[in-house]
Amino acid sequence: MENYNAALNYTETLDNDQDYIMVKIQLHGEKESFTINAMIDSGATEDFIDREVCNKHGIKMIKAKNPHEIYLADGKPSATGPVTHTTKVPMDISSHRELATFPVANLQNQEVILGMPWLKEHNPTIDWNDKRITLVQSSLLRVILAAGNRESSNNHLSWPDSCCDS
């Protein structure tokens, strides 16, 4: 397998304690395409998008068939309230595009959370020390680097267009 590396120079770490990784993603709403922060969270049992992000950028929300509460690690319901809607929106991380399905929640402090469903689907290698996420798909190696790390000149690579066909 030939390795191709691409640095995402707009990916950044937002916390000095470095206890989590934030990446920049681009979402494509009905009104516009826009770039926001997504937290990689292995403790989240779902992926989420903030309700205000949907409202602000014209992302269509669909009433959930099975509304449900969000529970915290201690078993208590979250103060954010229940998930009553979901959405499907094209999402880019560098040149990787997918049609992401998100439960809509009142996240308050985050715009998007990429939790265990996203992590299981993509099975990235995460280097927590270097803040690097490596995705392997279709014989291409894609590396997401945090701001300040070395850059690569191979930013021209793209993922298969078939990821978002429905």
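Read-outs throughout are calculated quantities, based only on the coordinates presented, and are distinct from any laboratory measurement. Quick caveat: nothing in here was measured; it's all calculated off a predicted structure. With ideal geometry, Cβ positions are generated from the backbone for all residues, glycine too; neighbour counts draw on all protein chains shown.
Before moving on, here are some points about what is shown:
- Multiplying each eigenvalue of the alpha-carbon gyration tensor of segment 21-128 by 5 and taking the square root yields semi-axes of 20, 19, 12 Å, largest first, rounded to whole angstroms.
- For Met91, Met61, Met39, the sequence from fewest to most other C-beta atoms within 10 Å is Met61, Met39, Met91.
- For Lys24, the lysines whose Cα falls under 28 Å of its own Cα, not counting residues fewer than eight places away in the same chain, are Lys56, Lys60, Lys63, Lys88, Lys120, Lys131.
- Rounded to whole numbers, the Karplus 3J(HN,Hα) couplings from phi for segment 20-36 are 7, 10, 10, 10, 8, 10, 10, 10, 10, x, 5, 7, 6, 9, 8, 10, 9 Hz, using 6.51 cos²θ - 1.76 cosθ + 1.60 with θ = phi - 60°, and x at Gly and Pro.
- Between the amide H of Ile59 and those of Glu30, distances stay under 5 Å, these residues lying 5 or more places away or on another chain, with hydrogens modeled in the peptide plane.
- Distant-in-sequence amide H partners of Glu46 (H built 1.01 Å from N, under 5 Å): Met116
- Residue exposure sequence - Leu114, Leu72 - by fewest surrounding Cβ within 10 Å: Leu72, Leu114
- Neighbour counting of Cβ atoms within 10 Å sorts the residues Glu52, Glu46, Glu30, fewest neighbours leading, into Glu30, Glu52, Glu46.
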